[in-house]
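First comes the structure, then the notes that go with it.
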Amino acid sequence: GNYISELDAISKWAFLIRLSDKVRQKELKKFSKKYFSCKSFKSISDEKLICNIFAQGLMLNSLDPKNTDNQPDEAYENILLKAEDRVAKNPNYLIVKGLIFHILRNRPNKYFAIMKPEIDLKQALSYVPKKAIYYFVMGQAFRFLGNKESSLFLSVASYEKAASLAKNNIKLQNTILGIYMGLHESYQGNKEAEPFWLAEAVYKKITELSPKNPFARNNLGYLYAEYGVNREKAEQLCEEAVSMQPDNAGFHDSYGWAAFKNQDFDTAEAQFLKSIELKDDVYEPYYHLATLYYVTKRLNLAAKNYIKALQIKPDSAESLNNLAYLFAEQNKNLADALKMSKKAVELTPDNPSYLDTLGWIYFQKNDFTNANKYLKKASELAPGEAEILMHIGLVYLEAGKYNNAINYLKEAQRNHAPDKEIEDALYLALSIREKLSVLAEFHKIFGASVDKDKICNILGDLARIYSQEGLYKKSIHYTTLCADIKSGKVPLDKPLFSFYSLSKHKSKKKTAIIPEPKISST
């Protein structure tokens, strides 16, 4: 009387037919066709109808692959269409339909290739009874669809629902854990990035079943810290793992990283240093400590620890990139920074953050063409990323293309919470454009005879604006230009900047003025 067991028995029956010799196969198929007949819908129950549909689908799949005749497929499709009137919302039918469609999609004639079994199984979730056995079956059904991430996610979600409905069923809980571990090890064995939700399910299940397991606590805490979710819980879990195994260097590193994500910087620093003290040849604590020092503006210590991290792991793209960016921000060691940044991009070509760093280093080296090239590529990979947009704006600003600069800086501002750096850059671009626009218009009107003092007043304003923003090289440039104009070293018969030109005035013939006739008052 167990309906799920009936379906399971039918699937085993079909498997046994496939194992039989040809003579016995023919005999069993003939018997099965008669036993699981779908000719008389009215005389059988819904449950019997669904079982028969399941069996007929399995037998259709067992046809000789060389047989590309579509007639059996059409006949089976007609059975399904007829059954829809009765069982369209029956969860058992939707489960069977999803499983059968998944099997039949691979038939050589591709008759059912367009079917979407995941949709049928998702519909089944809306109608299944709120019982652990049904959700476990749904988990198994979604797993049967293969390793597509959406199917695996729905599988794990179904298992979790089953587990929540039967918390005291230890056999079920251990079975689910075994399934999770199999998936977990499959990702690791294939060296693929494991989805967050699967890793979380694995570690949570272990902590539930083995509360004294420090590794599951540590791994779950680190997972939360890495993804920036449940941050308080992350720190608590890692602290508990450390208390269980105080001499485990990896646990101290995880605790430090969780504390760092909570901006508990003193605890984080102490834990990273403790991890290094216990084991000084591991990459992660140095990388994490360097990141902490960078965020807390201790840049020399940050550089020192990034260098140490790279000594242990020379091909770490993240450390290469971060150290290169640190040097670029300080405008020092640019040759080394460029080498490291190029290597990081070579290791991870489609990482927008790494491309942004490379573009920014070229900017610091005044190579605006390459700067624009890599920054634009970074922006294509990460549309709307405010920092990249700001960097593009600053490249245009430095190149004297003020309208472009303002457009990019405005977009950066729209895509970011209030940010002083973007605000300062936008103010600078708007102010400079205004001053240079006035200077250009004034110079164009008066040409070589323009008033030197007025031109120098505008240049002096530009020098002050740059000085206020801490851009002293630019400030000195405009101050020097002003001095050269006053001394006559720089003449004013030519434009001072390339974005405007002076008009050449042509002499015009004077026309005679004819006096108006006087009108007599009489």
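Structure values in brief
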read-out: Wholly within region 178-279, helices (runs of 4 or more DSSP H) carrying at least 3 residues that are open to solvent by 30 Å² or more (accessible area, probe 1.4 Å); value: 196-209, 214-227, 231-244, 265-278
read-out: Members of region 98-155 that are within 23 Å of residue 168 (Cβ to Cβ) and either assigned to a loop (DSSP other than H, G, I, E, B) or open to solvent by 10 Å² or more (accessible area, probe 1.4 Å) (or both); value: 128, 129, 130, 131, 132, 133, 134, 135, 136, 137, 140
read-out: Residue identified as part of a helix (DSSP H, G or I), open to solvent by 80 Å² or more (accessible area, probe 1.4 Å) and among the acidic types (Asp, Glu) among 424, 453, 484; value: 453
read-out: Candidates 4, 10, 100, filtered to the one that is among the β-branched types (Val, Ile, Thr) and at pLDDT below 90; value: 4
read-out: Scan of region 395-439 for residues that are at pLDDT 90 or above and hydroxyl-bearing (Ser, Thr, Tyr), ordered by number; value: 396, 408, 427, 431, 437
read-out: Unmet criterion (only one of (1) closer than 21 Å to residue 421 by Cβ; (2) open to solvent by less than 40 Å² (accessible area, probe 1.4 Å)) for residue 285; value: (1)
read-out: Any hit, region 38-54, residues being within 44 Å of the chain's Cα centre (by Cα), of a type outside the set (A, V, I, L, M, F, W, C) and open to solvent by 30 Å² or more (accessible area, probe 1.4 Å); value: no
read-out: Residue in region 61-71 that is open to solvent by less than 50 Å² (accessible area, probe 1.4 Å) and assigned to a helix (DSSP H, G or I) present; value: no
read-out: Complete set of residues in region 305-329 that are within 16 Å of residue 285 (Cα to Cα) and either touching a strand residue (DSSP E or B) at 6+ places or on another chain (Cβ under 9 Å) or open to solvent by 20 Å² or more (accessible area, probe 1.4 Å) (or both); value: 307, 308, 310, 311, 312, 313, 314, 318, 322
read-out: Matching option when the condition is under 27 Å from the mean Cα position of the chain (by Cα) and under 19 Å from residue 360 (Cα atoms), among 302, 328; value: 328
read-out: Residue selected from region 493-504 under the condition touching a residue at least 24 places away in the same chain (Cβ under 8 Å) and either under 18 Å from residue 433 (Cα atoms) or out of contact with any Gly (no Cβ under 8 Å at 6 or more places or on another chain) (or both), by the criterion surrounded by the fewest Cβ atoms within 10 Å (Cβ to Cβ); value: 498
read-out: Given (1) surrounded by fewer than 15 Cβ atoms within 10 Å (Cβ to Cβ); (2) modelled with pLDDT under 95; (3) part of a helix (DSSP H, G or I), number of the condition residue 332 does not satisfy; value: (3)
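The values are calculated or read from the model by the stated rules, or taken from the named source; none is laboratory data. What you see is a predicted model; the values in this text were computed from it and never measured. Cβ atoms come from the backbone with ideal geometry, glycine included; neighbour counts cover every protein chain shown. What goes into the accessible areas is simple: the full protein's heavy atoms, side chains included, and nothing from ligands, DNA or RNA. Shrake-Rupley method; radii C 1.70, N 1.55, O 1.52, S 1.80 Å.
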